[in-house]
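Take a look at the following structure, please.
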Amino acid sequence: MYVRILAPPWDGFCRRRTYGGCMVNAELVVTRRASEQDVDTLVLLRTEMFRAMGTPSLDGSWAEGARLWFLERIHTSEYGIFVAELDGRVVACSVAAVRDAAPSPSNPCGRDVLISNVCTFPAQRGRGYGQRVFEAALAWARGTGIRRAELMSTAAGRGMYERAGFVETTFPAMRADI
């Protein structure tokens, strides 16, 4: 799936291009499914995501495992992995994954979609690329027929998720090393 979007100019980073005979400042952004060629960049973006979250140890020992994880899942029907490409370079990504759980009153089918890894390289933040890959993941999730999605948010992404209808749950996630 390819979605071409012309983003409005935000700063001097944009190049001058001709559209319909008029000179305008614009960036050509392509949002698409990730491919094997994107895997190394996906790992770099995941590293950046952890850095932004304040993860204390980023020694890189996990990176090869992450690379293999992406390679194994990039073309499966249970995962939607998306990138935003600016002038041929990947600048943002997102992951949507179908999860299977026991049915409940609030989710009778039991299945939901976890949206994660929504991240943009620091130099490109604030231009809507994270929004584009998030929307691609959400559209993919809706296309599965599953009616519930879940995500964990940093403070920086919270507004974007709230505008899309996500709300804080009564029961926050808890975690333990076992």
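Read-outs: derived from the displayed coordinates by stated rules, not from any lab. Just so it is clear, the structure is predicted and the values come from calculations on it, not from any experiment. Methodologically, a virtual Cβ is constructed for each residue, glycine included, from the backbone with ideal geometry; neighbour enumeration extends over all protein chains shown.
Taking residue 156 as the residue in question, decide whether it is surrounded by 13 or more Cβ atoms within 10 Å (Cβ to Cβ), over 13 Å from the mean Cα position of the chain (by Cα) and farther than 24 Å from residue 100 by Cβ. Walk me through it before giving the result.
Working: surrounded by 13 or more Cβ atoms within 10 Å (Cβ to Cβ): yes; over 13 Å from the mean Cα position of the chain (by Cα): yes; farther than 24 Å from residue 100 by Cβ: yes.
When the stated conditions are applied, residue 156 passes them.
What residue, among those in region 115-142 that are of a type in the set (S, T, N, Q) and within 23 Å of residue 98 (Cα to Cα), is surrounded by the fewest Cβ atoms within 10 Å (Cβ to Cβ)?
Here is the first cut: in region 115-142, the residues of a type in the set (S, T, N, Q) are 116-117, 120, 124, 131.
Now restrict to residues that are within 23 Å of residue 98 (Cα to Cα): 116-117, 120, 131.
Numbers: 116: 15, 117: 22, 120: 26, 131: 19.
Per the stated criteria, the residue is 116.
Could you list, ordered by first residue, the pairs with Cβ atoms under 9 Å in which the first is in region 127-151 and over 16 Å from residue 114 (Cβ atoms) and without any contact (Cβ under 8 Å) to a residue 60 or more places away in the chain and the second is in a helix (DSSP H, G or I) and of a type in the set (Gly, Ala, Ser), at least 6 apart or interchain?
Matching pairs, first to second residue: 130/156; 130/157.
When you scan region 32-47, how many residues do you find that are among the hydroxyl-bearing types (Ser, Thr, Tyr), surrounded by 17 or more Cβ atoms within 10 Å (Cβ to Cβ) and touching a residue at least 24 places away in the same chain (Cβ under 8 Å)?
Our first condition is that a residue be among the hydroxyl-bearing types (Ser, Thr, Tyr); within region 32-47, this holds for 35, 41, 47.
Restricting the remaining residues to those that are surrounded by 17 or more Cβ atoms within 10 Å (Cβ to Cβ) gives 41, 47.
Restricting the remaining residues to those that are touching a residue at least 24 places away in the same chain (Cβ under 8 Å) gives 41.
Residues meeting the conditions: 1.
Would you check which residues across region 37-76 are within 17 Å of the chain's Cα centre (by Cα) and in a loop (DSSP other than H, G, I, E, B) and list them?
Within region 37-76, 74, 75, 76 meet the criteria.
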